[in-house]
1. Could you work out how far apart the two model spin labels at residue 135 and residue 115 are, taking each label as a point 7 Å from the Cα in the direction of the beta carbon, and quote it in nm?
2. Can you sort 127, 31 by how many other beta carbons sit within 10 Å, fewest first?
3. In whole angstrom, how long is each semi-axis of the equivalent ellipsoid of the chain, when you take the square root of 5 times every eigenvalue of its Cα gyration tensor and sort them from largest down?
4. Would any residue of the stretch 19-44 have its amide N under 20 Å from a label point 7 Å out along Cα→Cβ of residue 161? List them or say none.
5. By how many degrees, 0 to 90 and rounded to 10, does the Cα axis of helix 29-42 deviate from the longest principal axis of the chain?
6. Counting other beta carbons within 10 Å of each residue's own, what order do 13, 175 fall into, fewest first?
7. Using Stokes-Einstein with the Kirkwood hydrodynamic radius over Cα pairs, what translational diffusion coefficient do you get for the stretch 32-123 at 37 °C and a viscosity of 0.692 mPa s, in µm²/s rounded to a whole number?
8. When a footprinting reagent is the concern and you count Cβ atoms within 10 Å, what order do 159, 90 take, fewest first?
């Protein structure tokens, strides 16, 4: 991701995400679920497109509250597929709703999405992909890798000489514990 550290700073959308979110550890179910939904929706598109639509996603997906999203019905699916503010892809919409139910199951059996991640950490990237493919929908190599890197479970979000890297290391993201 070294190119991101060179191109993102100063950019109106990428800059704030790079400087304050990318690679920083997340613990809340809603925050982790949001990142998973956004990474899934980025597939085949640019991250800039997703960042520009992020507020609309938050509104459309009930603040990324897994409990609320897991209860979405056919009317909600139709609403999402008609919402020009988000990415209207049936497979991605279905994955988000299904994955919300998965997060609730993880919460029930492990206490939280983060606790489930922590229980499996550290895994190799290939092992993470197998686990995510078995657990969630619409999670392949790229989506799983970016999700884990963006939430602090895998290294590589920032170059060693990136000023953000020092702030990130001070937070002891999970990848540092491996």
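1. Distance between the two pseudo-spin positions: 1.3 nm.
2. Neighbour counts put them in this order, fewest first: 127, 31.
3. Values for the chain, descending: 26, 20, 13 Å.
4. Residues passing the 20 Å test: 19.
5. The answer is roughly 90 degrees.
6. Fewest-to-most Cβ neighbours within 10 Å comes out as 13, 175.
7. 241 µm²/s
8. 90, 159
FYI, it's all coordinate maths here, none of it is from the lab. Note that this is a predicted model, so its numbers are computed, not measured. Positions of Cβ are backbone-derived with ideal geometry, glycine not excepted, and every protein chain shown enters the neighbour counts.
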